[in-house]
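Reviewing the structure listed below.
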Protein chains: 2
Amino acid sequence: MNPEASLIDSALRSWKTNVDRTTKLFSALTEEQLLEQVAPGKNRLIYLWGHLTASSDALLPLLGLSQRLHPELDFIFIANPDGHSQNLPSGADLKRIWNEVNDALWTAFSNLSGSDWAQRHTAISQEDFKLEPHRNRFTILLGRTAHLAYHFGQATLAPQR
Amino acid sequence: MNPEASLIDSALRSWKTNVDRTTKLFSALTEEQLLEQVAPGKNRLIYLWGHLTASSDALLPLLGLSQRLHPELDFIFIANPDGHSQNLPSGADLKRIWNEVNDALWTAFSNLSGSDWAQRHTAISQEDFKLEPHRNRFTILLGRTAHLAYHFGQATLAPQR
């Protein structure tokens, strides 16, 4: 493997590892357990899972891969804090959507070359990208991997009942 | 910038962003605030900071950059859980050590090329690396960035007093 391919392989593995441990944690919880707060007065587990799902779904257009699969999640899980919306999807629904989004991302990720990853994402103009070439797809991938790890770390703190 | 240099630039920015926000959070806390648990019955902030410091210090030999600067941290912050050791360093001490370790890492990171990052780390043999070429320095960098984000996410949950 040349160095470039090797660097991308590492980043995709890191993404996958974080997705997989997140899947494992949330998928094992009952509907009731998903309603627990991770710490007193903080987000519920179901909110974190929905937030991560919406956030990953938003990667599809941001990376120029496809349209959103589940834009309806944003109102509940991105635009508003936990507790604002009364009609949250069930854990069973979120599990299905989470897997659907991650499958779509993984398939698309696997088709990108090194120069594809180094290209701009769709939220920056061609002109701005000339000045800030680090605002590329790869930076987004790494940022979202850290975002996953950040909330996964919080989810692990929820009391086990 | 060629794609390879661009991928490394993204990863170093991601590392730096996570280091910087961690520095900002912990450095602003008083000695008393650092003794708060992030959630009931969970690690104290001082323990998380020490754990991250020891973990970053351990990157120096793992990536073949230099010897450890502060191996004495491991007994308290890696080998044992929070509450085991009575003589923790003060927040002022940790801040100094944290900055020292991060300065050393940043200087060393800046000198590594793409093919340097794709080389094996020091905890894998040449033979095993042939079979598992993803066990390279870059994978370690990304894994430790996620580790930072994981504990940073936890630290943000501590009650503000």
Would you list the helices (runs of 4 or more DSSP H) that sit entirely within the stretch A:72-161 and hold 1 or more residues that are under 23 Å from B:Asn2 (Cβ atoms) and either touching a Cys at 6+ places or on another chain (Cβ under 8 Å) or within 9 Å of chain B (Cβ to nearest Cβ) (or both)? A:114-117, A:137-155
Members of the stretch B:79-123 that are loosely packed, with under 15 Cβ neighbours inside 10 Å and within 16 Å of B:Leu60 (Cα to Cα): B:Asn99, B:Glu100, B:Asp103, B:Trp106, B:Thr107, B:Ser110, B:Asn111, B:Thr122, B:Ala123
For the list (1) within 16 Å of A:Phe77 (Cα to Cα); (2) touching a Leu at 6+ places or on another chain (Cβ under 8 Å); (3) away from chain B (no Cβ under 14 Å); (4) of a type outside the set (Asp, Glu), I need the number of the one condition that A:Leu60 fails. (1)
Only one of (1) surrounded by 21 or more Cβ atoms within 10 Å (Cβ to Cβ); (2) without any contact (Cβ under 8 Å) to a residue 12 or more places away in the chain does not apply to B:Glu72, and that is (1)
The one condition in (1) touching a His at 6+ places or on another chain (Cβ under 8 Å); (2) closer than 19 Å to A:Gln154 by Cα that B:Ile78 fails to fulfil: (2)
Starting from residues that are among the basic types (Lys, Arg) and part of a helix (DSSP H, G or I), keep the ones in the stretch B:20-50 and report whichever is farthest from the other protein chains (Cβ to nearest Cβ). B:Lys24
So how many residues does the stretch B:17-38 have that are under 13 Å from B:Phe152 (Cα atoms), in contact (Cβ under 8 Å) with a residue 24 or more places away in the chain and not polar (S, T, N, Q)? 5
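Every read-out reported here was derived from the displayed coordinates using simple, explicitly stated rules and does not represent laboratory data. All figures in this text were calculated on a predicted structure; none of them were measured in a lab. As a convention, Cβ positions derive from the backbone with ideal geometry for all residues, glycine included, and neighbour counts pool all protein chains shown.
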